[in-house]
Every structure is written in structure tokens, then in C-alpha cells.
Number of protein chains: 6
Amino acid sequence: MPRLDSRAPDELRPIRITPGYQTYAEGSVLIEQGNTRVIVSVTMEEKVPPFLKNSGTGWVTAEYAMLPRSTTTRTPRDSAGKISGRSQEIQRLVGRSLRGVTDLAALGERSFTVDCDVLQADAGTRTASITGGYVALYLAFSKLHRLGIFKSMPLRSQVAGVSVSVYKGNILLDPAFDEDCNAESDFNLVMNSRGEFIEVQGTAEKKAYSRETLDAVLALGEKGIRQLFEIQAATIKGL
Amino acid sequence: MPRLDSRAPDELRPIRITPGYQTYAEGSVLIEQGNTRVIVSVTMEEKVPPFLKNSGTGWVTAEYAMLPRSTTTRTPRDSAGKISGRSQEIQRLVGRSLRGVTDLAALGERSFTVDCDVLQADAGTRTASITGGYVALYLAFSKLHRLGIFKSMPLRSQVAGVSVSVYKGNILLDPAFDEDCNAESDFNLVMNSRGEFIEVQGTAEKKAYSRETLDAVLALGEKGIRQLFEIQAATIKGL
Amino acid sequence: MPRLDSRAPDELRPIRITPGYQTYAEGSVLIEQGNTRVIVSVTMEEKVPPFLKNSGTGWVTAEYAMLPRSTTTRTPRDSAGKISGRSQEIQRLVGRSLRGVTDLAALGERSFTVDCDVLQADAGTRTASITGGYVALYLAFSKLHRLGIFKSMPLRSQVAGVSVSVYKGNILLDPAFDEDCNAESDFNLVMNSRGEFIEVQGTAEKKAYSRETLDAVLALGEKGIRQLFEIQAATIKGL
Amino acid sequence: MPRLDSRAPDELRPIRITPGYQTYAEGSVLIEQGNTRVIVSVTMEEKVPPFLKNSGTGWVTAEYAMLPRSTTTRTPRDSAGKISGRSQEIQRLVGRSLRGVTDLAALGERSFTVDCDVLQADAGTRTASITGGYVALYLAFSKLHRLGIFKSMPLRSQVAGVSVSVYKGNILLDPAFDEDCNAESDFNLVMNSRGEFIEVQGTAEKKAYSRETLDAVLALGEKGIRQLFEIQAATIKGL
Amino acid sequence: MPRLDSRAPDELRPIRITPGYQTYAEGSVLIEQGNTRVIVSVTMEEKVPPFLKNSGTGWVTAEYAMLPRSTTTRTPRDSAGKISGRSQEIQRLVGRSLRGVTDLAALGERSFTVDCDVLQADAGTRTASITGGYVALYLAFSKLHRLGIFKSMPLRSQVAGVSVSVYKGNILLDPAFDEDCNAESDFNLVMNSRGEFIEVQGTAEKKAYSRETLDAVLALGEKGIRQLFEIQAATIKGL
Amino acid sequence: MPRLDSRAPDELRPIRITPGYQTYAEGSVLIEQGNTRVIVSVTMEEKVPPFLKNSGTGWVTAEYAMLPRSTTTRTPRDSAGKISGRSQEIQRLVGRSLRGVTDLAALGERSFTVDCDVLQADAGTRTASITGGYVALYLAFSKLHRLGIFKSMPLRSQVAGVSVSVYKGNILLDPAFDEDCNAESDFNLVMNSRGEFIEVQGTAEKKAYSRETLDAVLALGEKGIRQLFEIQAATIKGL
């Protein structure tokens, strides 16, 4: 079965990472993955959450929101009162994933907020936020490194995320809109560049999945994530 | 390394499911798993969320909260203004897991709200909510079945959940408090009684994990879930 | 007219107070009064509200909530945004009643939060919260006394509460559900063990009441409260 | 002991009720009781709360707020987010008291909102709201009566409220600021003009009170309320 | 075309400023402008907003609210959750206008909150709040001056505001209700007593306006504001 | 005095309007005015606010928000609970301005929401939202016109807005960041292409301004707006 955009089942969408998109931020990228577009920007503050006071250790956290018309029909702003459950789940995932490769002790008592704002949503916004978030964090950290605030880069490894879906019985890497919305089951994988997992989430949307399917998903996702590491590295080298 | 409560690595905590705990509810259980205690109760309403209006299809949703002193130090109530991100994540997981075994079309336009209220939290409250939630839902559905509202039981399979953690390098089934809080990585598995996965969530809390570790976790979790199916079945048979 | 549950007009429902129900709390009980069941747990914090800063004096406050399915039809959680007027009124009453027998100056600058969570509501939850709250507070204070934090027990007297209703023209002690919901008028009395009143609240729900009725209500309530003092004392002695 | 403002213990403060204060309202008064000043205005709406839909019956409800500088130090507005527990308790009391003399069935499916806004607070604002509220409601109802919307006046009796406090051991009618703030115990009584009670609330603020004290309070309050009925009647007659 | 209340096009409504209306406030007036009535009261606090900490400079801010029945149909309270956009806009304008004539540096680190509460709204409540606010602020400042807290009066000039509307093609000073609600365009002018502008706001409600109209509006408004300065001065002199 | 970016006092910043930026929206542009960048997108819904039900008339409304890192230091999201006063003021201005040139009756009972999301804020975001909003609305309306839903274009004229500031005594068109933040006074002008005013707002931030200054501001602003009309027209012609 050919994919709607004629990609191979194991083929990522075209990816472009534009560094420095929001010029005031300590680090910022626009990541485009097919029609999905997310601005990810990093802000440093000289304070930490209460549970880290006087620990000498820093923190990385994320916020995630969609512009109202990033979606095919308008999504009301969270500002109507509270952050939706979906948004909270995503921002917790992004924060956890980036902390997973950061040497928090080396940050000192500083917080880094990673704002992920979706300009256009065509599936995979949470994993694009992680993949782009790594580059934005790298940019912020290397600026502080150049300024002598950090003695070395407080990153232990790269991190990137990708989605996989089971759609009409096929296992597809990096699903686009329809392949995501109508998936039988839906997976988000986050790995570091040592080949280890930071997060595996597999949800049966319409149909439970077997262990065999899970194994195939993990192999396909790992392949995609390795390509994302190369794209991240090329973006950083190009600076 | 012996476990703090001297269980074997592949041993569940003692589990007791008391049916009919909240007598007004359509279905209700108190599930005790070691020192974790959760009341799960099911309420039916003759209405559905807007996206299901005139679809002929029903819905199952969950709410999750902890009593303030279910925890070692007092946790302020969500009622202070908004539901915490953690609570939202859990209630979304519980709802999704129970919908995964329910024949929603057979419900008619009816909603079932599954309230999970934690009396005492000693790890594993979200998976206990799923395991107990299945029994509470069974009780509610069978009452409606007896009343002739349902022609057959709208459940396709059992569903149960279990946690696994990597703690001091050991892979441990159904971790208790310390094994959960200080885990290197933390997994929640939800399966149906056909041996398929409904949800796999694996999070590196302190340390990324290898594919080998994930494989071992999945095997251990499946073993534990099979025992939970037996406990559920015994509870139901005993009515 | 016999009562629905065949009690005499001046007869309390069966009462059971189980100490130590939530094991993490400084003091905790489950109080069951007929089908009404409330968990009351006490938490100490080493801080006081702003108006007591640097006063050397402590504070006792209460929070009250019902599990959604404690009631015959589901009551939505207060967490939807704000605490209902009824809940606020009750928690203010419970806090005031318990402060009425506590030597606040002897607490030092410490706060005691008394969480009252209703598992099942069959009338009288606010007075049961007070009656059980006294025992939970006693347990918390005596633990701190044993630890040498308090030199003596900072309680001046026992405190307990009871409801009385006028129902179909009869004055009934400790009304159960129907006798409460359909009462002509409804009274809550709180007394200390010196025979003094801490709170008298009498509300004409459907019918104003005469001075004679009020006098009879006060006599009946006092009789019930004296029995509650004995049950509290027996629970404490049994530890 | 002479009172601060040299009144006798059984003497009300000077009371003035100005009808028609907010000219747009269906009924409106400014009630001044000593230095306490409250605007009470009534609004009719052709709708009822959900629980009265299709019942043919109406409703009376109240809202209560203080201007920020009605108090000696500024009280922040409730609009900062939520209505304070105290405000909720008061508006529930005012609504209940006014419903206690209204023939709700005779209203048809109409709601009457009684807004009580405190311009200056020198004790007794809640009972002044009830006493003034009766006149405002009378004005609104008689306007509707004149318009032929009501066939007869849907009021069964007058209603008024008064405070009594125990202050430095003396029982004082209608306490002013200091006699209220520093009272040992504090009572609010609401009666109808048949001499029956609609609400009795007695709270031990600093000291529990005996049955003898309660008896004296009830007698004193009843005397004050009878005078309030005369003032209400004179205001209405004067129109 | 004669005006509804037979004023000349360049004639203000009758204005009365009653000083000392809320007796507890540092400064307070009731300003009546035709049927519009606003209480404006000033509260001093010995603290400043975060951005002025350690600056030695003070602040003046305003809050604005309407009593629910100040309007022809009832306006629900902002306290239902959030301040309406209109209220926020007005209180920002009032605060800005009063700061425009205050020597903030001479205040020291003190905040002055100007509460504007509308008892009756018949157009022009925001400009009446400014005009009355100046007098209330003057009263508060001169009290502090007499107490020696201020060495000199920290006011550089008078400030007052007035509305002008284009209604049925006529340019009208100080419009009343109908002339405001059904205006083609609507102007609010704030000036100091040196003849300079502090704020000009001109909004085309139903019809855009020409430069000629704007010129005429500015001339008419200035004339009205000069009269307001005289009324303010007379009020202050009369103390 | 040369400007920081060496523009002439009457020179606009370079402006670029990119149509079709958010591809799902009915109409969308990215407007860049110097370093200020705003996405403006229009959504149609087949419903109107309550006050227009059954009127046959439509509505245009706006929402405005800034990405957290659009500013030099991070601005917390409004989603923390409520929309800031500044955001509300801006979105009310944008909505009013666009309604000022729209034939609302010709829309039928349809709402158009204009979302203005600031990617980068370097002064003038509210007027850029209006200028860009006109083009986005034009795009949305012409799509509906092509589809035959509108018989003619429901726009009566172009509309655009510009800021002017008095900065170090100079009157400057279209101020950039520093010229805006540190302005003595600050003006926003909105005009239609018939040369009439829709909105004039002039605020003395640090210094009141004379009638002469206001006259000069109006002339300068009108000149700038005429250029904006040409840029809008060129963008539309280029489609």
C-alpha cells in the first residue's frame, strides 16, 4: 500500500531545522517536519523550582501550545482558563526527554524553559518538539559555554523522538495527519544517541497490538531516530 | 538483592478486591495492592460528550484524585484550582485502557464515569485503578445487563495493568514505594486477556534503558498481568 | 410514627470509630455513623497563616470534600474549579468547632489541617466530621506529646456534634438520609464536654419553627452528644 | 458597663431605610444601621435554576459583596478569582431567609436575585441585608402586583434579622464594630412576623456559652426583631 | 436638535462631589454626574509592585467595578471568575490618568489604590472616575501631608476627564445614556490643568469620523474639562 | 537627531506581508514590520454571539497573544489563568477596527475570529495586527466570495493602523523598540482608505502633550497609513 504522500513505510518526512528563529531567545529553532512546523525556544532564568533550592542543581522544563489555527479547524486557546490534558502530557514528555540527556548538576541553580509553539500541526508535533528542542538547548548551552558560564557543554548525548503508527495494518514511520488520526495504534519513541531508550509510549487507539508488532515498531523507530541525529548534527555543524 | 518487603523480583504484592464498596454506585470496588488502596466507582449517565451526539455510541471516561493524606506528606487538593498534570495523565490512561476492552457501540448513547480515588498511595495507583476499574465496570455492566438494558455484556476481554521498575539495577515487578520513587526507570503496562498490549509506557527517570531491559520488563509485566486476570475472575465469580 | 430504620426518636445510629485509618497521617480515623462514612485525618505543618506570624500561636483548620459517588447520584468534584458554598460552610464549621476546644497558644507556631473526606453520605457528614475530627486531633496531639514536642495535651475538653431534624412534625435525633433531605427544619449542634455550646445552627428548610421546638431540639441534641463523648472516650481508651 | 456608643444593652442602632436607591432595579433600598450601610436591590429574570425547570415554581437567591473600602483596611475584591467562604455563607443565609417568607409557587418560573452590596461595614451587614432585603423584595413584588403579573403579593410574612453578641460578659443587642469583632460569642437570629424562627446561628468565637446565655440571647434578639418589623412597615407605608 | 434632557450641546450634566463618603478610606468621594454615581476611594499601602522595589518611587493604580444593578438590566459580577475586558481597560485608563499628575518619586515606596465603584451607570463612568479620583487622591495626599508623611503635596496639576459623542450628526459634550449607547462615535478626553492632554481616545462605533469632527470634539471637550477643574477646586476649597 | 536604525522621522520600517502562512486557515498572513512579526489568521464559524442570534447579521472578533519568547525577556503565557489587561485591550481594538470596515449585515449569521499571534515583538504589534488583519480578512472573504457564499465582498474600505511616538522631543512615525518603550507619549491611529479615523488613541506615558503635538502626530500618522494601504493593495494584487 503506497502512503498518501508516496513515502516508503520507513521514510521520514522532509525535515528542516532553522536555527535562531526567535532572535531574543538564548536558543531557538523552527523545525519543519513535512507540514508540521514548531518554534522551539529556550529561556534561561537564574532560579530553580522550590524542590531544588540550595541543591546546586538546575532544571529543564517545557511548555507546549498550539496556535489556534495550526489545526484544520480552530482549536480554542488554553488561555480560556486551563491547560488541556493533552498539552500537559506533551510538555511533561518534552521536559523529561530533554532532562534525560542534560547534566543537571552542571547547570548550577538555573532553569531552562523550552517553549514549543506549534505553527502548524500535521502529526508528530511532540516528537518534533523534542528533536528541535535538543538543537535549541544546544544553542543556548553553547552560548553560555562561549560566555564562560558553563565550563563544558552540559549535554551527555543527543536526544530525538519519532512517531510510528499502525495504519490499515501497516507499520509506518513518522505518520502524517491521516496516518496518525486514523491509526489503529500509535507509538512515540525517544532515544539518546547511545542507542538507549528514554521514553517508549505505545497506545492502542482502535486495536490492541501484539508483541511482534511492538518489536517491529521499535526497530523502525530506532532507524528513524538515527537519521534525526544526523540532521541535528548537520544543523549544529552548519552554524 | 532481597526486596524491602522480601518479595521475589517477579512477585506481586498481596491484592484484595472488595466489590460493592460505595453502595450507591452502579459498580464499585476497593482495590488494595500492598499498602496502596483505591476506591473505583462507576456512574452511568444517559448522555454522551458532544463529539458522540447522535452517533448511537457510548463512552467510558475516568477521573483520578488522591485524598490529601494518602501520601506521606500532605498533597494539596486539586480543588485549589486545577487538576495537576500528573492527575490528568493518569485519568486519560485509565479511561483509554478501559475503553480498549469495551464495545462502545453496544453501550448506546450512555457515558460511564470511572472515579478512582486513592485512599493510600504506596506506588502503582494508576495500574491498580485500571485493574480495579475493570471489575467496577463489570459490576456496573452486569447490573444493567440483568435489568435488560444491555442485551449482552459490552466487554470484549479483561484488562489489567501493572508497573515494573528498574531499581538498583534489578528489574522488579509491582514496585512498592521506595522501589518506585527511586527507580532508574519506570514502566506501566496494560494488557487485555488475549495477551495483547493496550498501553506500554516506559520512562527513563534517572537512566536510559536498553532494548534488552525493555524485553525483560515486558516479559515480567505480562506474567504479573496474567495473575491479575485470575484475581479479577475470582472476585467476579465470588459474587 | 416509627423511623424508617426503626430507631427511637432519641436514638443515634450505630457509630464506629476506627483509629489509624490513613497510616501516613499524624492522626486519622474512619468514622461510620449508620451508612455515613468519613475519613478524618490530621496533618501538622511547621507554619501558620499570615495573621499569626510571630504570635507564638498555632492554628487548626479543616477541609471537607465528598467523593463523587458518596452520593446517590454522582456529585461532580470541586476540582472543576472552585469549592462549593456548601463545602466551604462545612469546613469553616468544622475548623471553628475544633479550635473551640484547642489551646491554640500551646501549639506553638504550627498548623493542623483536618481533612474530612466523605466516602459515603447518608446525612450528618458535617457533625460526624467534628466528632471524628476530635479523635483524629487527639491522636495527632498525643503522638506529639509522646515525642516531647508538646509538654501537655493542648485540648481543653472533648467536642462532638450532632444533627436533629423536624420531620413530619416529629423531632428526631441524628436523622438519616430521608429524614434529613425532607426535614421541615434542620439543626446542627456542637458542644464541649463541659456541657456548653460551641455552635448552634437551626435552619427552617420548609417551615419556620417555634421557641418550644427549639427548646426540645436542644435537649435532644445534648443527650446525643453526651453519648458521642462516651464513644470518643472508649475509642481513645482502647488504643 | 456602658456601651461604646452609650446605647442600652437592648437598644438597636438608629436605622434608616431609603427606598428606590438604585433607580433601575425592580426593587431597591439603602439600609443604614448605625454606620453600616448596605444597598439591597432586586432583579427579576424570566428563568429559573435547572432544578426548577417545568416546576411552575420560582426562586429567590442572593449575592453579597463588600466594596473594598467598606472596611477599616482595604478588603481585596472577590473578583480576584473566587468568592470568599464568608461571602458565600452570607449570601446563602440571606437567600434562605427571604425564601422562608416567599410563596415560591406563586412566583411562577421567575428568579429574583437580591444583590447586597456593603458600602460601609460596621458589624451586622448580613442581618441588615435580610432586613433591607425584605423591603426591596416587597417593592419589587408590589410593582409586579400593580402590573398584574402577580394576582396577590407572594409574601407570607415579614422577615428581619438581628445580631446579638456576648461581649465582656454582657449580652448586647445589635453590636457595633468593636462589640462584634471582640465578642466572646456571636449570634444571628432571623424571624418571621408570626414570631417563629427562620434561622438561629450561635457561634462561640472565644468562649463556649451556656444554655442560660442562649435563652437570654433569644429573648433579646426577638425584642429587636419586633422593632425592625415596625421600621419595615413604616417604610412601606410611607411610599 | 434639542437634547433628551434639554441641555445645550456644550453643557455638562449637573455635577456634585461629596467628599468623605466612605469614612474609613484615606480619601473618598461620591461623584454624581447627572444620574451617574460613582464612589471613588483611595487606600494607601506601604508596599509597591515588584518592578518598583528599592526604587524609592511609589505607584498609583485603580480598580473599577459596577454594582450589578447599576445598569438597566443586571450585569453579573466580575467575581464570577475574571475581570471583563471593558473593566480592565477602564481601570488601566484611570490609573494612567491619575499617575499623569502625580509626582511618583515624592510618594516614597507607597502604593495608592483608587477604587471606583459605580452605583449607577448613566454614561461617562470612566471619566467621572478620573474627575472624582483626583479629588479623592487630593484628600488622601493632604491627610498624609498634614501628618507630616509628605513634605509637600505630590500633585503637579489637576486632572479631569470628559466624554464627547457624535450622536445623530451632532457633537455633544458629556453624553447621557442614550447619546452614548447610540453614538456614531465616542470620545474620552483627559487633560491636566495646564491645558495639556493626558489621554485622547476616539472610537468610531458606527461611523468613521473626519479630522474636522475630531477638531471640534477636542475644542468642546477642553471647554468641559475646564469647568470640571473649577468644580474640583470648589469642592477642595469647601473642606 | 538620527533614529537608531537611521530612518527618517516620517519613514516606516520595511514591511512584508506573506499571504497564506497558516495553510488551514480561511485567510492568513505573516506580517513583518521591521523586526516585529505577527501571524494573523481568520477562522469562519457558522454561529454568532448571543446578542446577534436571529439578527441575520455577522460578527468579526479578534484574539491576541504573544509567544513567550517574542520578547527580550520571557513573557509568561496568558494560559497561566487569565488574559492580561494589555492583551484584552489590544484584541478589543483589533476587532473594533476590522468591524469598522466590514459590512456585518452582509456576512449573514457567521463569525470571523481573527487570531493575532506575535512571533517577535519589536513595537507596533497591535497596529501590525490591524494592517495584516485586513489582508487576512480580505483573503477569507474572497475565498467565500469565489465559493458563492458571499454575493459581493463585504468590505467597505481598507483599514490600517500605525503608531507614532514622541521620543526625546521628536515626533517619530512607526517607532521601533526603544523609541516605543521610552517614549514621552504614544499614539495609535487607525484609518480607513476614505481618509477617516476609526480609532485615535493618544497616551501621555511620561509627559502630557499639547494640541500642536497632537496635530503633528495626526498628520504624520495619516501619511504612514496611506503607504500601508498601498502595501496591502500590492499584496492582494499579487495573489
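The values are calculated or read from the model by the stated rules, or taken from the named source; none is laboratory data. Everything quoted here is computed from the prediction, not taken from an experiment. Backbone-built Cβ (ideal geometry, glycine too); neighbour counts: all protein chains shown.
Here segment E:146-191 is the region considered, the condition is being β-branched (Val, Ile, Thr) and either surrounded by fewer than 24 Cβ atoms within 10 Å (Cβ to Cβ) or modelled with pLDDT under 95 (or both), and the residue that is farthest from E:Thr102 (Cα to Cα) is E:Ile171. D:Lys207 meets the conditions (1) buried (at least 17 other Cβ atoms within 10 Å of the Cβ); (2) out of contact with any helix residue (DSSP H, G or I) (no Cβ under 9 Å at 6 or more places or on another chain); (3) at the interface with another protein chain (Cβ under 9 Å from one of its Cβ atoms); (4) not acidic (Asp, Glu) in every case but one. The failed one is (1). Each residue in segment B:37-57 was checked for being surrounded by 22 or more Cβ atoms within 10 Å (Cβ to Cβ) and farther than 23 Å from C:Ser70 by Cβ, and 0 of them qualify. Flag: A:Gln201 matches the condition of being at pLDDT 95 or above, surrounded by fewer than 22 Cβ atoms within 10 Å (Cβ to Cβ) and touching an Asp or Glu at 6+ places or on another chain (Cβ under 9 Å).
Here segment B:81-93 is the region considered, the condition is being of a type in the set (S, T, N, Q) and surrounded by fewer than 23 Cβ atoms within 10 Å (Cβ to Cβ), and the residue that is modelled with the highest pLDDT is B:Gln91. Listed conditions (1) outside any loop (DSSP other than H, G, I, E, B); (2) more than 14 Å from chain C (Cβ to nearest Cβ) are all met by D:Leu220, apart from (2). Here F:Arg92 passes the criteria (1) within 30 Å of F:Glu179 (Cβ to Cβ); (2) out of contact with any strand residue (DSSP E or B) (no Cβ under 7 Å at 6 or more places or on another chain); (3) more than 9 Å from every other protein chain (Cβ to nearest Cβ) except the one numbered (3).
The lone criterion from (1) closer than 24 Å to C:Thr71 by Cβ; (2) touching a residue at least 40 places away in the same chain (Cβ under 8 Å); (3) outside any helix (DSSP H, G or I); (4) not small (Gly, Ala, Ser) left unmet by B:Leu139 is number (3).
Here segment D:15-36 is the region considered, the condition is being in a strand (DSSP E or B) and buried (at least 24 other Cβ atoms within 10 Å of the Cβ), and the residue that is farthest from the other protein chains (Cβ to nearest Cβ) is D:Ile17. Restricting attention to segment D:179-196, does a residue exist that is of a type in the set (A, V, I, L, M, F, W, C), in contact (Cβ under 8 Å) with a residue 40 or more places away in the chain and farther than 19 Å from C:Glu205 by Cα? Within segment D:179-196 (the criterion being of a type in the set (A, V, I, L, M, F, W, C), in contact (Cβ under 8 Å) with a residue 40 or more places away in the chain and farther than 19 Å from C:Glu205 by Cα), the answer is yes, since at least one residue qualifies.
Put simply, of B:Tyr134, B:Tyr138 the only residue that is among the aromatic types (Phe, Trp, Tyr), out of contact with any Asp or Glu (no Cβ under 7 Å at 6 or more places or on another chain) and closer than 30 Å to C:Gly20 by Cα is B:Tyr134. Only one entry of C:Glu212, C:Glu184, C:Glu205 meets the criterion of being charged (D, E, K, R), within 29 Å of D:Leu218 (Cβ to Cβ) and in contact with a Ser or Thr (Cβ under 7 Å, 6 or more places away or on another chain), and that entry is C:Glu205.
Reported count of residues in segment A:174-192, each being within 15 Å of A:Ala128 (Cα to Cα) and away from every other protein chain (no Cβ under 12 Å), is 4.
Looking at (1) out of contact with any Pro (no Cβ under 9 Å at 6 or more places or on another chain); (2) modelled with pLDDT of 95 or more, can you tell me which one C:Pro49 breaks? Of the numbered conditions (1) out of contact with any Pro (no Cβ under 9 Å at 6 or more places or on another chain); (2) modelled with pLDDT of 95 or more, the odd one out for C:Pro49 is (2).
Out of the residues in segment B:95-129 that are part of a loop (DSSP other than H, G, I, E, B) and without any contact (Cβ under 8 Å) to a residue 60 or more places away in the chain, which is nearest to the other protein chains (Cβ to nearest Cβ)? Result: B:Asp103. Across segment C:37-68, the number of residues qualifying as under 22 Å from C:Thr235 (Cβ atoms) and either of a type in the set (A, V, I, L, M, F, W, C) or in a loop (DSSP other than H, G, I, E, B) (or both) comes to 7. For the condition buried (at least 17 other Cβ atoms within 10 Å of the Cβ) and within 29 Å of E:Glu205 (Cβ to Cβ), what is the one hit in F:Arg77, F:Arg96? Going through F:Arg77, F:Arg96 in turn, just one is buried (at least 17 other Cβ atoms within 10 Å of the Cβ) and within 29 Å of E:Glu205 (Cβ to Cβ): F:Arg96. Does A:Arg86 satisfy being of a type in the set (Lys, Arg), in contact with a helix residue (DSSP H, G or I) (Cβ under 9 Å, 6 or more places away or on another chain), within 14 Å of chain B (Cβ to nearest Cβ) and under 27 Å from F:Val40 (Cβ atoms)? When the stated conditions are applied, A:Arg86 passes them. Against the criterion of being in a loop (DSSP other than H, G, I, E, B) and of a type outside the set (Val, Ile, Thr), B:Ala183 qualifies. When segment E:133-170 is limited to residues that are hydroxyl-bearing (Ser, Thr, Tyr), under 15 Å from the mean Cα position of the chain (by Cα) and closer than 17 Å to E:Gly27 by Cβ, the one that is farthest from the other protein chains (Cβ to nearest Cβ) turns out to be E:Tyr138. When the criteria are applied in full, F:Ala8 fails the requirement of being in a loop (DSSP other than H, G, I, E, B) and under 26 Å from A:Ser41 (Cα atoms).
Restricting attention to segment A:214-223, the residues that are under 19 Å from the mean Cα position of the chain (by Cα) and in contact (Cβ under 8 Å) with a residue 40 or more places away in the chain total 4.
Residues are listed down the side, and each one gets a yes or a no for (1) facing chain D (nearest Cβ under 10 Å); (2) under 15 Å from the mean Cα position of the chain (by Cα); (3) part of a helix (DSSP H, G or I):
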| residue | (1), (2), (3) |
| --- | --- |
| C:Thr131 | no, yes, yes |
| C:Leu172 | no, no, no |
| C:Arg194 | yes, no, no |
| C:Thr203 | yes, no, no |
| C:Glu212 | no, no, yes |
| C:Ala234 | no, no, yes |
| C:Leu239 | no, no, no |
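Considering every residue within segment E:13-36, establish whether at least one is touching a Ser or Thr at 6+ places or on another chain (Cβ under 7 Å), of a type in the set (Lys, Arg) and either over 27 Å from F:Lys206 (Cβ atoms) or modelled with pLDDT of 95 or more (or both). Within segment E:13-36, not a single residue is touching a Ser or Thr at 6+ places or on another chain (Cβ under 7 Å), of a type in the set (Lys, Arg) and either over 27 Å from F:Lys206 (Cβ atoms) or modelled with pLDDT of 95 or more (or both).
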